[in-house]
Amino acid sequence: MRSFVSHRMQTTLWISGMAVLLTLGCAARRTVPSPAAVDAEVRQALEQFNAAAAAGDVKACLALFEDRADILLVGSDKGEVYKGPAAMEGWLAALMRGNRFSWEMDRVDLSHHGDTAWAFVEGRMVVKDPAGKLRFKAPYRFSAVLVRRGNGWAWRLFHGSAPGKE
């Protein structure tokens, strides 16, 4: 009787082990998107931010950033450094109260590694009043760091600058 029970336990353990191994072997593996697909996703994240800022939608701008205390938005003027969602929201709300911003992106350089991507954008900042009347265009460049969030990308850092004469 004892050898029957022992044999039965060994068989049960062997079958259970094989089932676990088969399950792990059949588990869905994360597919790695092609570099071109990642570039397209990051460009979409840039366009989403551009559209939200052009609409003056502070909540939509913030929703594109990661929900972390260490996210950072750095403007192009002295003192424009805002860390965390609350600081960013306060500044963006004041900034967009009377202005709408968008960027003409003439040059977009992208790179990525794993779940992190970064962008360098150069072109012009377009500033309009809330009714859509052009106030001015000025040379502008910005860099961004983004991290994969589900099937898209969330912003971690925006750092803008208004290039002057060099």
Counted residues in the stretch 56-75 being within 23 Å of K133 (Cα to Cα) and either in contact with a Phe, Trp or Tyr (Cβ under 7 Å, 6 or more places away or on another chain) or exposed (fewer than 14 other Cβ atoms within 10 Å of the Cβ) (or both) come to 2
Among the residues of the stretch 73-96, are any modelled with pLDDT under 95, polar (S, T, N, Q), out of contact with any Asp or Glu (no Cβ under 9 Å at 6 or more places or on another chain) and not in a strand (DSSP E or B)?
yes
Residue under evaluation T23, criteria (1) at pLDDT 95 or above; (2) over 25 Å from A144 (Cα atoms), criterion not met
(1)
Please find, among R29, R2, the residue that is charged (D, E, K, R) and modelled with pLDDT under 60.
R2
Scope the stretch 54-85; condition in contact with a Gly (Cβ under 6 Å, 6 or more places away or on another chain) and either of a type in the set (S, T, N, Q) or without any contact (Cβ under 8 Å) to a residue 12 or more places away in the chain (or both); matching residues
S76
Of the residues in the stretch 26-55, those that are surrounded by 14 or more Cβ atoms within 10 Å (Cβ to Cβ) and β-branched (V, I, T) come to V38, V42
Scope the stretch 128-144; condition surrounded by fewer than 16 Cβ atoms within 10 Å (Cβ to Cβ) and part of a strand (DSSP E or B); matching residues
L134, R135, F136, K137, A138, P139
In the set A87, A63, A117, the lone residue that is within 27 Å of A36 (Cα to Cα) and out of contact with any strand residue (DSSP E or B) (no Cβ under 7 Å at 6 or more places or on another chain) is A63
List every residue pair whose Cβ atoms lie under 6 Å apart, where the two residues are 6 or more positions apart in sequence or sit on different chains, the first residue falls within the stretch 105-119 and is in the same structural domain as Y140 (by TED's automatic domain parsing) and surrounded by 15 or more Cβ atoms within 10 Å (Cβ to Cβ), and the second residue, located anywhere, is modelled with pLDDT of 95 or more and among the charged types (D, E, K, R).
L110/D39
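The values are calculated or read from the model by the stated rules, or taken from the named source; none is laboratory data. Keep in mind that what you see is a predicted model, and the values were worked out from it rather than measured. Every residue, glycine among them, receives a Cβ derived from its backbone with ideal geometry; neighbour counts consider all protein chains shown.
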